[in-house]
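Take a look at the structure below.
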Amino acid sequence: MEQYNLTPEQEEQLVDREFRDLLDGYLRSNHRKKVEIIERAFSFAKEAHKGVRRRSGEPYILHPIAVAKIASREIGLGSTSICAALLHDVVEDTEYTVEDIEQHFGKKIAMIVEGLTKISGGIFGDKASAQAENFRKLLLTMSEDIRVVLIKMADRLHNMRTLGSMAPNKQYKIAGETLYIYAPLAHRLGLFEIKTELEDLSFKYEHPKEYARIEQLIKNTSEDRDALYTEFAAPIHARLNEMGIQYEARNRLKSIYSIWRKMETKHIPFEEVYDLFAMRIIFDCPDLSKEKETCYKIYAAITDLYRPHPERTRDWITNPKANGYQALHVTLMGPDGHWIEVQIRSRRMDEIAEKGFAAHWKYKQGESDEESELSEWLSTIKDILEDPTPSAIDFLDTLKLNLFSSEIAVFTPKGEIITLPANSSVLDVAFSLHSEIGTHCIAAKVNHKLVPLSHRLQSGDQVEILTSQSQTPKPEWENFLSSAKAKTRLRKELRRIQQPLMEKGKQIFDKFLADKNITLNNNVLTKILGTYKVANREELFYKLGSGEISIDDYLNESTSSRARSLISKIFSLGLGGGKKKKEKTEAQPDTKAARPKINTKEKYVLKYNDRERNFVFADCCRPIPGDEVMGFINDNGEVEVHELTCPRAQVLKASYGPRIVATSWDHVAGSFHAVINIEGIDRHGILQELTGLISTQLNINIRSLNIEAHDEVFTCRLGVLVRDTDTVTLLCKNILKIDGVKSAVRAR
Ligand code: MN
């Protein structure tokens, strides 16, 4: 930002220059030339904001001019919008009213300015997140004149570009709101360039360090990337020239924010973002009827040169995205086995993709009329907004817009969508799939991370439910269920499980009463229920039957000698023997006797050598030395070693805290079984190379080898005996060096 110590004359000149520039751009566009009204709007706004300055010190009028410029050049709007943009802050910040605007500029412009004034303090203001649900509705009503939204977008973009001169306490709020509301909205409106800029700017203010770090990483790797691109592009250039195609090719770098998002959502380091850059081929095709054909010609030519990834071809030409995006995307295996995305588009498609609406004007014959053009576009937007199906909206959109709703949408690993009430947990998902899955749900992976049953979900999460046959439903689960369906299913399951135990408890009780010839009166019953803190007979019977409560607890606390004698008689009969029952149903060993030596307060040193071994590996996760693990003292008194991330370990930690022990690997030396998943492009001799590398060069024992090939892509499951995780890391690194291997990671 410049320093504003200009003289009034210089300032006047600056303002004038900026306005002339706005007009020049407008005059070059396809719009009907309504200069007079624009000039009037400018004078009016300038007068209204006279003497007012922005925080940076510059005259306020420069802001409306900049907003009008964005509306005109970057969004492609016409005179009505330019006027409304110039006047957008007048009603809010000055003495003038909407009526004044209407008097001078007519109904239409007044209405847009009114809309802009409303949303500046309303839904887009401080209460934005609180009134989230209303956002969608508002958007629908507002899109009666979509220009309100578009100018608001221009306003926000300019505020973001000049965010540095805003009050610091406002910066964070504005940046967050931009990412939350405006960027997804821009995307939905097809304003891709604006969307990307908004995201990057917000990200820069919200996570300055991360932004700088990725920026630096991009800089550091640019040489390698350029070299790779050049090598990759050379044969393509040669071929396209041969074919006589007029085109322009660009090396298109992913935006910093997109890179960061990918790293976050996929939990991968910068180095593993495979689509860091893409090659964009923009061909000239004056004859619009030949567009599609040319696209496919180019596609055929480049897939002749490089092998395409079977699952990463996207035809947005035959099926354009709902926001109008068209292109053909294909991912090719470039030099050194790097996957490189190539985007093929015509000049027209490219402009639509970058500028959205702005481009539509350009491809209209003759002069355009803003009104009729907008109404056509508006109806498309409305369709998108009203149709919540995922095919109509991009993934990101679904994700963001659902944040404004009382419902969330999550995805199964297969990409199916499950809609749930907001604040739903993993367990809600499990029960919504099936009662069976719900009752046996033990944990889940959300976006590939292990989480407990109670984990609350957010829209867009990918959820994989983990089940175990030994799991049983618990009454307390109801606390973290939000959907009515899940609650009903849980209760039903609980009843089903409790029924036999209740009967058992009732039998115990009835038999005792009958044997002793006692009539149970309300007085005795109430006392018993109160002592056990149970609500009713059913619960008492269930807990007696399951052994969760035992009669001796009552005996200790009861003050009634009559009840005491009653109950002690139960004991003498050995009917409701609480202690014994408890052990049986919960399968708890007499832990004190079984594990006398282990002090769980100290780190347990795992030992494994020819003479001695003092632990067992858990079957569920099969860790190896070097893994982050914990010990669990099992029913045999042995220390069972689990990976920290193992679902079973999570449950053990939650249920058997005192039996968990920290461990160290220092004294473990042996061979352990690990499985490595390898993926790559099949070629002759690759298998020999792989096995040769492992068994001879690295001297590692192969235990099993499973190979599957589909369409030239192979996957391999390799079982090996290794010393520790370091060996596995080294092994993976070496396997990756084999030509054609794309990934080698340890299986979990
Ligand atoms: Mn403004």
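Rundown of residues vs (1) modelled with pLDDT of 80 or more; (2) closer than 19 Å to V745 by Cα; (3) among the aliphatic types (A, V, I, L, M); (4) within 30 Å of the chain's Cα centre (by Cα), yes/no style:
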{"site": "G637", "(1), (2), (3), (4)": "yes, no, no, no"}
{"site": "C646", "(1), (2), (3), (4)": "no, yes, no, yes"}
{"site": "I678", "(1), (2), (3), (4)": "yes, yes, yes, yes"}
{"site": "I681", "(1), (2), (3), (4)": "no, yes, yes, yes"}
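Residues being touching a His at 6+ places or on another chain (Cβ under 9 Å) and either surrounded by fewer than 21 Cβ atoms within 10 Å (Cβ to Cβ) or within 17 Å of G57 (Cα to Cα) (or both): count how many of those fall in the stretch 152-181. Final tally of qualifying residues: 3. Which ones in the stretch 71-89 are polar (S, T, N, Q) and either over 16 Å from I352 (Cα atoms) or more than 16 Å from the ligand (Cβ to nearest atom) (or both)? S79, T80, S81, listed by residue number. Scanning the stretch 447-469 for residues that are more than 20 Å from the chain's Cα centre (by Cα) and farther than 12 Å from P647 by Cβ yields a single hit, Q469.
Where residues in the stretch 536-552 are part of a helix (DSSP H, G or I) and farther than 15 Å from D510 by Cβ, which of them is modelled with the lowest pLDDT?
Within the stretch 536-552, the subset part of a helix (DSSP H, G or I) is 537-546, 551-552.
Going one step further and asking which of them are farther than 15 Å from D510 by Cβ, we end up with 539, 543, 546, 552.
On the way: E539: 79, K543: 81, S546: 79, D552: 52.
Once the filter is applied, the top-ranked residue is D552.
Within the stretch 462-480, being buried (at least 16 other Cβ atoms within 10 Å of the Cβ) and hydroxyl-bearing (S, T, Y) holds for one residue alone: T467. Checking each residue in the stretch 657-680 for being surrounded by fewer than 18 Cβ atoms within 10 Å (Cβ to Cβ) and over 30 Å from G631 (Cα atoms) picks out only E679. For the criterion of being of a type outside the set (S, T, Y), touching a helix residue (DSSP H, G or I) at 6+ places or on another chain (Cβ under 6 Å) and touching a residue at least 12 places away in the same chain (Cβ under 8 Å), I245 fails. Summed over the stretch 447-483, the residues that are of a type in the set (D, E, K, R) and in contact (Cβ under 8 Å) with a residue 60 or more places away in the chain give a count of 1. When T265 is tested against the conditions (1) of a type in the set (S, T, N, Q); (2) closer than 21 Å to R307 by Cβ; (3) out of contact with any strand residue (DSSP E or B) (no Cβ under 8 Å at 6 or more places or on another chain), the lone failure is (2). Filter the stretch 35-65 down to residues that are assigned to a loop (DSSP other than H, G, I, E, B) and in contact with a Lys or Arg (Cβ under 7 Å, 6 or more places away or on another chain) and give me whichever is nearest to the ligand (Cβ to nearest atom). For the stretch 35-65, the residue satisfying everything is Y60. Please go through (1) part of a helix (DSSP H, G or I); (2) touching a residue at least 60 places away in the same chain (Cβ under 8 Å); (3) closer than 30 Å to T178 by Cα; (4) charged (D, E, K, R) for R280 and return the number of the only condition it doesn't satisfy. With (1) part of a helix (DSSP H, G or I); (2) touching a residue at least 60 places away in the same chain (Cβ under 8 Å); (3) closer than 30 Å to T178 by Cα; (4) charged (D, E, K, R) applied to R280, the lone miss is (1).
Selection of the stretch 284-305 for residues being under 19 Å from A238 (Cβ atoms) and touching a helix residue (DSSP H, G or I) at 6+ places or on another chain (Cβ under 8 Å) yields D284, I298, A301, I302, D304, L305.
Candidates Y211, Y229: the one that is surrounded by 13 or more Cβ atoms within 10 Å (Cβ to Cβ) and either within 20 Å of A278 (Cβ to Cβ) or not hydroxyl-bearing (S, T, Y) (or both) is Y229. Of all the criteria given as (1) within 15 Å of the ligand (Cβ to nearest atom); (2) in a loop (DSSP other than H, G, I, E, B); (3) of a type in the set (G, A, S), the one not satisfied by A68 is (2). Name, by its number, the condition in (1) touching a Gly at 6+ places or on another chain (Cβ under 9 Å); (2) within 13 Å of the ligand (Cβ to nearest atom); (3) at pLDDT 90 or above that does not hold for E92. The number of the failed condition is (3).
The values are calculated or read from the model by the stated rules, or taken from the named source; none is laboratory data. Note that this is a predicted model, so its numbers are computed, not measured. Because the Cβ atoms are built from the backbone with ideal geometry, glycine has one as well, and the counts that use them run over all protein chains shown.
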